[in-house]
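The structure that follows is given in the form of structure tokens.
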Amino acid sequence: MINDLSLRLSPIGGLFEQPASVQEWEPYILSETQVESFRKDGFVKDVPILSPGQVDLLNQEIIRLQAPGEEEKKLFYHYESNESEDPDKVLFHAIGGWRLTPGFHDLIWSPAYRMAAYQLLGSSVRFFHDQLFCKPARHGGVVAWHQDFSYWTFTKPMHHLTCWIGLDDATTENGCLYFVPGSHRWGLLPITGLTGDMDAVRSILTEAQAVAFDRKVANVMPKGFASFHHPLTMHGSYANHSERPRRAVVLNAMAHGTMGNTFNYERMDALKHFPSMLQDHVLDSRFFPLLFDGDAALPSLDIPKIDPKELYETD
Ligand SMILES: O=C(O)CCC(=O)C(=O)O
Ligand SMILES: [Fe+2]
């Protein structure tokens, strides 16, 4: 029997010690300066999430996730050993690892992650899904420039947040992520592809937007550290020609109250293996656990937060 960990609605192992009091939450609170830089740029980086030992444990589990049994593989929402199809540009991309191994299951309960997500969504936090993006040494492929919400229009309103956590030191040599500061205010652009041509998005940009790419920021970070980005922030990562792999796990959260918007969705085929999401129904099944209701848990703390009306669609 396959053990589907999505049936377990709280941490199952000991990956993180959980705060036992209001005071124990305090070290995880992002500063007003960090929240302000997210508001202004559409991302914030250098947030510590994992110790080197925790990173090692997850990298061990990745070995298993890259060679799943037939039944285990069915638990993934999406699974491509090489999303790019070009054997010289390998991008392992899998959604749903949290259902298979205890470390990735418990990762979504990281206190540092939950606190930051609460502050940057400005709302209580539901888990949407996870993703693994792994580039091998020497022949790692690109992730073309994109906005995450262009892939998520089967949900509404747009009130999502992406957390990218490095499982290797990420550098410009091994294909770190890049962000275009301020692009979270560009509005939603169409999908132009996730692999293949890194710069495919250029064909649909205004001149001013194309110029903004000159200010792109390299998300260089040591392993175990995270960046958080807005669902419209333009981001992508170049090929890995270095002698080191570049592995990362991505946690996608949404505000509690986010609904299915699948009725007229054009890419239903891509959702074949996703949990059921019904039009106008709040996504609150066991696949979308409530991770943190900061207002209820910590009413006495003064926590800097994004006002959702400023940065998200709130209706
Ligand atoms: O890991 C990468 O290079 C891509 C990550 C990404 O697209 C994301 O975090 O939304
Ligand atoms: Fe992305």
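Just to verify a result, which residue in segment 197-219, among those that are among the β-branched types (Val, Ile, Thr) and either within 26 Å of Asp86 (Cα to Cα) or in contact with a Lys or Arg (Cβ under 6 Å, 6 or more places away or on another chain) (or both), is surrounded by the most Cβ atoms within 10 Å (Cβ to Cβ)? Walk me through how you get there before you give the answer.
Filtering segment 197-219 down to residues among the β-branched types (Val, Ile, Thr) leaves 201, 204, 206, 211, 217.
So of that shortlist, the ones also either within 26 Å of Asp86 (Cα to Cα) or in contact with a Lys or Arg (Cβ under 6 Å, 6 or more places away or on another chain) (or both) come out as 201, 204.
Numbers: Val201: 24, Ile204: 11.
Per the criteria, the residue is Val201.
Scan segment 204-217 and give yes if some residue there is within 14 Å of ligand 2 (Cβ to nearest atom) and either more than 17 Å from the chain's Cα centre (by Cα) or not hydroxyl-bearing (Ser, Thr, Tyr) (or both), otherwise no.
Start the filter on segment 204-217 by keeping residues that are within 14 Å of ligand 2 (Cβ to nearest atom), which leaves none.
Checked against the condition, which is being within 14 Å of ligand 2 (Cβ to nearest atom) and either more than 17 Å from the chain's Cα centre (by Cα) or not hydroxyl-bearing (Ser, Thr, Tyr) (or both), segment 204-217 yields no hits at all.
Now for a separate question. Can you report the number of residues in segment 118-146 which are within 16 Å of ligand 2 (Cβ to nearest atom) and touching a helix residue (DSSP H, G or I) at 6+ places or on another chain (Cβ under 9 Å)?
Count: 9.
One line per residue, one yes/no per condition, for (1) outside any loop (DSSP other than H, G, I, E, B); (2) more than 16 Å from ligand 2 (Cβ to nearest atom); (3) touching a strand residue (DSSP E or B) at 6+ places or on another chain (Cβ under 9 Å):
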{"residue": "Ser242", "(1), (2), (3)": "no, yes, yes"}
{"residue": "Asn252", "(1), (2), (3)": "yes, no, yes"}
{"residue": "Ala270", "(1), (2), (3)": "yes, no, yes"}
{"residue": "His273", "(1), (2), (3)": "no, yes, yes"}
{"residue": "Asp284", "(1), (2), (3)": "no, yes, yes"}
{"residue": "Ser300", "(1), (2), (3)": "no, yes, no"}
{"residue": "Pro304", "(1), (2), (3)": "no, yes, no"}
{"residue": "Glu310", "(1), (2), (3)": "yes, yes, no"}
{"residue": "Glu313", "(1), (2), (3)": "no, yes, yes"}
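Which of (1) within 11 Å of ligand 1 (Cβ to nearest atom); (2) surrounded by 24 or more Cβ atoms within 10 Å (Cβ to Cβ) is the odd one out, the single condition Tyr113 does not satisfy?
Unmet for Tyr113, out of (1) within 11 Å of ligand 1 (Cβ to nearest atom); (2) surrounded by 24 or more Cβ atoms within 10 Å (Cβ to Cβ): (1).
Say we look at segment 288-315 and pick out the residues that are aliphatic (A, V, I, L, M) and surrounded by 12 or more Cβ atoms within 10 Å (Cβ to Cβ); which of these is nearest to Gly42 (Cα to Cα)?
The initial filter retains those residues of segment 288-315 that are aliphatic (A, V, I, L, M), namely 290-291, 296-298, 301, 303, 306, 311.
Next cut, surrounded by 12 or more Cβ atoms within 10 Å (Cβ to Cβ) only: 290-291, 297-298, 301, 303, 306, 311.
Working: Leu290: 24, Leu291: 22, Ala297: 27, Leu298: 26, Leu301: 25, Ile303: 19, Ile306: 11, Leu311: 9 Å.
Only one residue tops the list, namely Leu311.
Read-outs: derived from the displayed coordinates by stated rules, not from any lab. Because the structure is a prediction, the values reported are computed rather than measured. Backbone-built Cβ (ideal geometry, glycine too); neighbour counts: all protein chains shown.
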